[in-house]
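This report concerns only the one structure given below.
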Amino acid sequence: MAGNSAPIAAIELVGVSKSFGAVTAVQNLDLVINDGEFFSMLGPSGSGKTTVLRIIAGFEPATSGTVLLAGQDVTSKAPFDRDVNTVFQDYALFPHMTVLENVAYGLRVRGIGKSERNLQALEALRMVRLEGFEDRKPSELSGGQRQRVALARAVVVKPKVLLLDEPLGALDLKLREQMQIELKELQRKLGITFIFVTHDQEEALTLSDRVAVFNQGRIEQIGTPRQLYERPESEFVARFVGTSNIFSESEAASLLAQPEACSVRPEKIEMRPSSQSQKDASVLPGKIIESIYIGSATRLIIEIDGGKKISVLRQASAGSETNFDRGQQVFIEIRNADLVPIKK
Amino acid sequence: MDKYSALPKQGVETPALARRISTLLYSKVKLRLTLLLAAPLTWLVLVYIAALLALLVTALYSVDSYTSQIQTQLTFKNVLKVLTGQVYQTVALRTLGIALLVTIVDTLIALPIAFYMAKIASPRLQRLLVIAVLMPLWASYLVKAYAWRSVLSNEGIMQWLLRPLGLDTPGYGITATIITLGYLWLPYVILPIYAGLERVPNSLLEASGDLGAKTSTTLRLVMLPMLVPAIIAGSIFSFSLTMGDYITVNIVGGANQMLGNLVATNVGNNLPLAAAIALIPVLIMFGYLTAVRKTGALENL
Amino acid sequence: MISKTAMKLSALTAAAALALTGCASATPSPTSTVPTALGKTEGTVSLLAWPGYVEDGSNDPAYDWVSKFEDQTGCMVTSKSYGTSDEATSLFKTGDYDVVAASGDATLRLIASGDVAELNTDLIPSYAGVYDFLKAKPWNSVDGKVYGVPHGYGANLLMYKKDVVKPAPTSWDVVFDKSSAYKGKVTAYDSPIYIADAAVYLMAHNPELNITDPYALDETQLQAAIDLLKAQRVNVGEYWSDYLKEIQAFETGDSVVGTTWQVIVNSMSAKAKVGAILPTEGATGWSDSWMISSKAKSPNCAYKWLDYIDSPEANAAATGYFGEAPATAAACEFMGQDVCDSYHAGDEAYAAKIYYWTTPIANCLDGRTDVECTDYARWTEAWQEIKG
């Protein structure tokens, strides 16, 4: 990212584990997050992503392992001694303080004078476009506005790293999409590292420079959104990031003449009128058992001979007026180049 | 056969009536409310308001000093006596002082206990602690007060514990009264504060630390302001219960008397005077409640 | 919390309302009919008495004189004990009790308020055996009409811990002028009537006050007693009205000297090492009377109880247990003459030295007409002031 000389990572986790009693939440995790990166930790609930975030913030001590912030060991330091700030899932705004007092809080506890901190807090509020709301109480704000106050409160103390714990989870779809754009803009403007925890793969792909996919306390795969989508290395990633058709080793051998298990994205599969064989591709006969119209495309579920169901996405491009009805006999073509081998 | 043929008929009629009543009640909101509230309101008016008025009126009566017969000509004699009499002022101030001290002591003890219960203890331990806090409430008030009488005695455990430190038991007196009342009302103070703490999300404390506040700063700037209503709610219990108490001070208070003792002394022979004295704690509590009403603490009860 | 205070208040006002209605209906009725013959017994009788007066064996199986009464008359007894005369009068005014055993500082008030009925002593055969010097006294009769039959009499003694109070006291001065030696460990009876104890002391030590009757104090004399008691207050550890509380305080040494009853002395363990004396100044005391409520639900059983408790055997048992002189000479046969002698039973000269509790009233009880005496209401007020 930052040239050839080994840059100092914003965050580095070395062999970090975390157990709650008998339950292991994070297992021997190594992770490097670069300076200025928008990094997402994606995974289903219980996969350990939030725990890793809380270990970085200092809310949870790691059972073992080391946490480095900008090259410094902070493993045993309290949250208030770490140069990171967090935007909480529930925003965690202080209900007894006004918006301005909330935003100025981090400056206040650093001993900055009232007029100076109010000035900076107002500046932060302007950045999240909340001018004029400074005298309200959090209870008088909408969800999206609270979200912005939480952001302003976290960035006003100019941390090197901003941690965001599913910050958009409580917002409705429209607002969420709008906030995604604002978050991205904010990150560019501030130029600091964002670590973003989410279970929404679309959100992770949209926002991030890099994404780590978590499963059962381990990272399944780290990569750019494109790498994750195009080249999922495991069945879990293939299924969790987008939709995939998975072929087990035996299915791959019998249906696709491939030596190992692999996956293919629904939009990569073509419909063919006949069983005419293609070079470097497999053509399979099947029957449409479900046809779902989703506006920009149509999702078809096709049962191929032998009973396996394949998901196919047909883009609604101009000129392709072909109707596919339930029960119709079709042929699907899967090109070998679109197949992604899956590690066991 | 008659028996059976009568059944469906009944079965139709009764629901029809019930249905008509239901429909009526459903459409007439005010009627529904009136019926719903009639019983509790009657209770409230009779027991609370009427009782307070009766107290006020009784305070304006006088008594035949020889036969203790009540004379119902209204007079401010008793009220004036209570307002101007030195002994009443002294005892009222002492009672107020004891009530304040009990409240302060209880709050100081309750805060860390409630904090531990709500924020540190595991859910299992939390349940056990709540039971432990409530447990003393199952024992009789008198048993507990007499237990403290024996604890604080010259030959009691307190003396035995303090002797090696070169100290003596406080013995019977105001200190003993504060200790005993503090013990008696502690659960009533812990529980509202615990409930208040439960309502403070952990993320607020984490956010404060995250923004750079040391633990003490977090307690001062975030925890305490949010707990004020809960603390006031708890203080209402310890304060008002102490204001009205006369048994504990009788048992461990040595020669001291509180307002409740003056009421008890007079209730047999001079009921109007007793009523006039009883107005003092009522007025103090009324003032206190009015003052705290604005803090929202009453919603925490 | 609001509800708690209000509940207390409402309880108080409910009591007030009760007392109000109770008083309104109980007009003193000198013309009320005194029964001339007893009817059928009602099956139950409700008694209000000092602790130790009505024992059915539940406190100590060795002391039971109630069961025999129940067997003889078929009247089942329920009873309640009280700690001070003020408590007795307010409890009795509820009308829940048929019979009360009251001391002289309560009897006149009960008679005046019409709460007790005039008695026909012909219906109480054992009354004939009662000492004459206890009959028709100012505290149990009015204008020759008898309202109460005597139970027993005794003195408020001075109790002290032998290992602390040395030399053994002979005077009340250890709780008054010399009480500072036992600061914080002096105890006194918690009732306005205790003012009379101070007056007895002043009679002996301050003759210039001219007190002749400790229950007939003019304002100057009362003030002297108040001053004495206020000085004592500084050294008082606690006041007692619950006799169990005093027993415990002397057992643990929280109290070492103060007024007591013989029954308390008798209840102390040997380990407590207490002594009790009748000091040289004399003492206040009591001559208690059994009286019947003017609203008695079981008047026949009530008469039966009055007769029973003055019968020699029962009277001996009850007064012997409490530690006071019996009301009848024949009781000494059951108590043992030596015990009777220790209480100076029947000794008129000794009995005259005890200043029996009586209700102080504005008309001086000592016969003075040139001054107005302080009444019980004034004493109640003074007592609160003394305790402060």
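The values are calculated or read from the model by the stated rules, or taken from the named source; none is laboratory data. Quantities reported herein were computed from a predicted structural model and do not represent experimental measurements. As a convention, Cβ positions derive from the backbone with ideal geometry for all residues, glycine included, and neighbour counts pool all protein chains shown. For the accessible areas, the whole protein counts, side chains as well, though only heavy atoms, and no ligand, DNA or RNA atoms are used. Shrake-Rupley method; radii C 1.70, N 1.55, O 1.52, S 1.80 Å.
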Legend entry - Residue check, residue C:114 in a loop (DSSP other than H, G, I, E, B), more than 24 Å from residue C:260 (Cβ to Cβ), out of contact with any Gly (no Cβ under 9 Å at 6 or more places or on another chain) and assigned by TED's automatic domain parsing to the domain that holds residue C:146: yes
Inset, instruction - Taking the residues in region A:161-207 that are small (Gly, Ala, Ser) and open to solvent by 10 Å² or more (accessible area, probe 1.4 Å) as candidates, determine which candidate is farthest from residue A:226 (Cα to Cα). - result: A:170
Inset, instruction - Identify, from the list B:61, B:116, the residue that is more than 30 Å from residue B:220 (Cβ to Cβ) and of a type in the set (Phe, Trp, Tyr). - result: B:61
Inset, instruction - Please give the number of the condition residue B:75 fails out of (1) more than 14 Å from chain C (Cβ to nearest Cβ); (2) more than 30 Å from residue C:376 (Cα to Cα); (3) of a type in the set (S, T, N, Q); (4) open to solvent by less than 80 Å² (accessible area, probe 1.4 Å). - result: (2)
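Within region B:184-225, how many residues turn out to be farther than 30 Å from residue A:79 by Cβ and either of a type in the set (A, V, I, L, M) or without any contact (Cβ under 8 Å) to a residue 40 or more places away in the chain (or both)?
Taking region B:184-225 as the starting set, the residues that turn out to be farther than 30 Å from residue A:79 by Cβ are B:184-189, B:191.
After this cut, where a residue has to be either of a type in the set (A, V, I, L, M) or without any contact (Cβ under 8 Å) to a residue 40 or more places away in the chain (or both) as well, the list is B:184, B:186, B:189, B:191.
Looking only at that region, the number is 4.
Filtering region B:158-177 down to residues that are surrounded by 13 or more Cβ atoms within 10 Å (Cβ to Cβ) and more than 29 Å from the chain's Cα centre (by Cα), which residue is nearest to residue C:255 (Cα to Cα)?
Taking region B:158-177 and keeping what is surrounded by 13 or more Cβ atoms within 10 Å (Cβ to Cβ), we get B:158-159, B:162, B:169-177.
Narrowing further to those that are more than 29 Å from the chain's Cα centre (by Cα): B:159, B:162.
Details: B:159: 16, B:162: 20 Å.
Among those residues, the one meeting the criterion is B:159.
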Inset, instruction - Please go through region A:124-145 and pick out each residue that is assigned to a helix (DSSP H, G or I), surrounded by fewer than 22 Cβ atoms within 10 Å (Cβ to Cβ) and either at pLDDT 90 or above or among the basic types (Lys, Arg) (or both). - result: A:126, A:138, A:139, A:140, A:145
Inset, instruction - Just name the residue that is nearest to the other protein chains (Cβ to nearest Cβ) out of those in region C:358-374 that are within 18 Å of residue C:104 (Cα to Cα) and at pLDDT 90 or above. - result: C:374
Legend entry - Within region A:102-123, tally of residues that are closer than 18 Å to residue B:207 by Cα, out of contact with any Asp or Glu (no Cβ under 9 Å at 6 or more places or on another chain), open to solvent by 50 Å² or more (accessible area, probe 1.4 Å) and not small (Gly, Ala, Ser): 1
Inset, instruction - Please determine, by comparing only the residues of region C:18-35 that are out of contact with any Leu (no Cβ under 8 Å at 6 or more places or on another chain) and in a loop (DSSP other than H, G, I, E, B), which one is modelled with the highest pLDDT. - result: C:33
Inset, instruction - Could you grab the pairs with beta carbons closer than 7 Å, sequence gap of 6+ or different chains, first residue in region B:135-162 and away from chain C (no Cβ under 11 Å), second one of a type in the set (D, E, K, R)? - result: B:136/B:144; B:162/B:168
Inset, instruction - Might you check whether a residue that is touching a residue at least 60 places away in the same chain (Cβ under 8 Å) and either basic (Lys, Arg) or in contact with a Leu (Cβ under 6 Å, 6 or more places away or on another chain) (or both) occurs anywhere in region A:60-82? - result: no
Inset, instruction - Could you check residue C:344 against (1) open to solvent by 20 Å² or more (accessible area, probe 1.4 Å); (2) within 21 Å of the chain's Cα centre (by Cα); (3) outside the structural domain of residue C:268 (by TED's automatic domain parsing); (4) in contact (Cβ under 8 Å) with a residue 60 or more places away in the chain and say which number it fails? - result: (4)
Inset, instruction - Can you run down the residue pairs with Cβ atoms below 7 Å, 6 or more apart or on separate chains, where the first is in region A:149-174 and more than 14 Å from residue A:84 (Cβ to Cβ) and the partner is assigned to a strand (DSSP E or B)? - result: A:150/A:87; A:151/A:87; A:166/A:197; A:166/A:198; A:167/A:87
Inset, instruction - Could you tell me whether any residue of region C:95-104 is modelled with pLDDT under 90 and closer than 30 Å to residue B:231 by Cβ? - result: no
Inset, instruction - Name the single residue, out of those in region A:31-47 being out of contact with any Ser or Thr (no Cβ under 8 Å at 6 or more places or on another chain), open to solvent by 10 Å² or more (accessible area, probe 1.4 Å) and outside any strand (DSSP E or B), that is nearest to residue A:211 (Cα to Cα). - result: A:44
